[in-house]
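Reading through the structure tokens given below for one structure.
The values are calculated or read from the model by the stated rules, or taken from the named source; none is laboratory data. Keep in mind that what you see is a predicted model, and the values were worked out from it rather than measured. Note: ideal-geometry Cβ built from the backbone for every residue, glycine included; neighbour counts use all protein chains shown. Just so you know, the surface numbers come from the protein's heavy atoms only, side chains and all, with ligands and any DNA or RNA stripped out. Shrake-Rupley method; radii C 1.70, N 1.55, O 1.52, S 1.80 Å.
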Amino acid sequence: MNGRGGGGGGGVGVVGAGGEEQMEMEEDGAGLRARVSAGRKERVVLMWGYLPGVSPQRSPLLGPVPVRLPAAAGGDGWRDVCGGGCGFAMAISESGKLLTWGSADDMGQSYVTAGKHEETPEAFPLPSDVAIVRADAGWAHCVAITDEGDVYTWGWKECVPTGRVISDQSSGGTLEKDERQSAIAADQGNSITVSPRSQVSRTSSGAASGPSESRGTDDSTKRRRLSSTKHAPESSTSSDENLSAPPCVVTFNTGVKIMAVAAGGRHTLALSDLGQVWGWGYGGEGQLGLGSRIRTVSSPHPIPCIESALYSKDRPAAMKGNKSAEAQISKVMGNCVKAIACGGRHSAVVTDSGALLTFGWGLYGQCGQGNTDDVLSPTCVSSILGVKMQDIGAGLWHTTVPKLVDASSLENKNARAVSCGARHSAIITDEGEVFCWGWNKYGQLGLGDSMDRNVPCSVPVDAYHPLNVSCGWWHTLVLAESPT
């Protein structure tokens, strides 16, 4: 639910011109890396909100609490925060480990996706030689990019591309399963494979539980009932395991280099270094931007974002065939995409010219088109076309037609990072302040209580200097520098 690769949610948050990237990133032969400055201050991760394996007696954390690195981390530190999914949190360590925590063994699908790490972050079991640089999580699936440009994904099966899945041979035999590629995958010549490095163990889990809102992703999800069994032997297969897929490496067309990823409720977007967006997973409301309500795309499919926006059937008739007008619109729309975000059932992208395009479920106005219709192809949000956007975040059930967040608390302040949770939003200003607003039943605003806020409120983070913010479904994470 983050900017530059948001997470599973529904409304849209954007950062206009004037916002700056909060972390220096550099690209080298091995891919995208965080630039580590010599002598910099120690980084910490602050969290608040609801994580079942962390919160005492399942009660929410109402204010910022530092997250402790595991003792096994040695001299490792924090690199970035990735929000997390429904009932679990994620962050990346300096050494490139994807750390997860907050899940409990009775959280069903979340436990299968993130592991039972409770209050102590632990490395998710990816191959030991893999270094993660970016990651995101949807309701119950995850996607991550390595420093070599590989994309791993796992979790809820309908969110994970089909292909050949191989379990860890050390768990008592090799389990191989070949799944038929969909017709659309065959047409595109794309495939999903699992490299020898990506063999992992499968786990079993218990029943889904937690706040009732967790089962509100969509009607079909509400009707799902996972197994109520507790830990089963690793050699057995539980209902949750049948619904989950272990990590696999997503294979794109030759030469495609992925720089950012975003996980929605049941779909995923990936952004290449050339500004091309790829998507897969569930697309029943148009969230894959392919011009139809195709239910499942089982391998990465290119999404024609700029083309769809330029040649939309809804463009004014006077512009059709008018080369001068089309050239002007083309300039406004840009040439490529530079930021992506996924909501629960909709998607949003920002182009290199600063235009905002949205597509997918529109029942609550989350596509910003001035109506509640679903948007099946990437479409420009014309009401803010004159504002150059820099970044974007998507939440689950936010409602609004795009408008400037007008609050006295934000007067003369610029946002440099934005993130959306299920029904709350968070920003970091260029002065290093954290502001949150929205739904607060589980303390996800970090304000010391559980009262909702309809205007941005400053979150007290003591003397820490915030660098990045990332919202999960019911929680918020902040990467910050320690005052000492």
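Worth pointing out:
- Condition met for R416 (charged (D, E, K, R) and farther than 22 Å from W474 by Cα): yes
- Of the candidates A89, A137, A114, the single residue that is touching a strand residue (DSSP E or B) at 6+ places or on another chain (Cβ under 6 Å), modelled with pLDDT under 75 and not charged (D, E, K, R) is A114.
- Residues in segment 342-365 that are open to solvent by less than 30 Å² (accessible area, probe 1.4 Å) and either under 12 Å from H267 (Cβ atoms) or in a loop (DSSP other than H, G, I, E, B) (or both): 11 in all.
- Within segment 464-480, the set of residues being open to solvent by less than 20 Å² (accessible area, probe 1.4 Å) and either at positive phi or not polar (S, T, N, Q) (or both) comprises P466, L467, V469, C471, G472, W473, W474, H475, L477, V478, L479, A480.
- Verdict on N454 being among the polar types (S, T, N, Q) and out of contact with any Lys or Arg (no Cβ under 9 Å at 6 or more places or on another chain): yes
- Scanning segment 452-474 for residues that are among the hydrophobic types (A, V, I, L, M, F, W, C) and more than 22 Å from the chain's Cα centre (by Cα) yields V455, C457, V459, V461, A463.
- Among all positions in segment 94-111, there is no residue which is closer than 22 Å to P460 by Cα, in contact with a Gly (Cβ under 6 Å, 6 or more places away or on another chain), modelled with pLDDT of 85 or more and not in a loop (DSSP other than H, G, I, E, B).
- Check on L445, farther than 30 Å from I303 by Cα and surrounded by 15 or more Cβ atoms within 10 Å (Cβ to Cβ): yes
- For segment 251-271, the set of residues classified as open to solvent by 10 Å² or more (accessible area, probe 1.4 Å) and either acidic (D, E) or over 24 Å from A422 (Cβ atoms) (or both) consists of T251, F252, N253, T254, G255, V256, K257, M259, listed by residue number.
- Given (1) in a loop (DSSP other than H, G, I, E, B); (2) open to solvent by 60 Å² or more (accessible area, probe 1.4 Å); (3) touching a residue at least 40 places away in the same chain (Cβ under 8 Å), index of the condition V455 fails: (1)
- Taken as a whole, segment 22-36 holds no residue that is in a loop (DSSP other than H, G, I, E, B), more than 30 Å from N412 (Cβ to Cβ), open to solvent by 50 Å² or more (accessible area, probe 1.4 Å) and at pLDDT 90 or above.
For every residue, the table says whether it meets (1) modelled with pLDDT of 85 or more; (2) polar (S, T, N, Q); (3) over 20 Å from the mean Cα position of the chain (by Cα).
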site: G283; (1), (2), (3): yes, no, no
site: R293; (1), (2), (3): yes, no, yes
site: P300; (1), (2), (3): yes, no, no
site: I303; (1), (2), (3): yes, no, no
site: A309; (1), (2), (3): no, no, yes
site: K320; (1), (2), (3): no, no, yes
site: M333; (1), (2), (3): yes, no, yes
site: S347; (1), (2), (3): yes, yes, no
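- Note on segment 117-134: residues that are open to solvent by less than 10 Å² (accessible area, probe 1.4 Å) and modelled with pLDDT under 90 total 0.
- Note on segment 65-80: residues that are farther than 15 Å from G96 by Cα and open to solvent by 50 Å² or more (accessible area, probe 1.4 Å) total 4.
- Among the residues listed as V434, V461, the single one being open to solvent by 10 Å² or more (accessible area, probe 1.4 Å) and at negative phi: V461
- Residue count for segment 378-404 satisfying the condition of being at pLDDT 70 or above and of a type in the set (A, V, I, L, M, F, W, C): 8.
- Extreme residue, modelled with the lowest pLDDT, among residues of segment 366-376 that are open to solvent by 40 Å² or more (accessible area, probe 1.4 Å) and in contact with a strand residue (DSSP E or B) (Cβ under 8 Å, 6 or more places away or on another chain): Q369
- Restricting segment 458-484 to residues that are of a type in the set (A, V, I, L, M) and in a strand (DSSP E or B) leaves a set whose member that is farthest from L61 (Cα to Cα) is L467.
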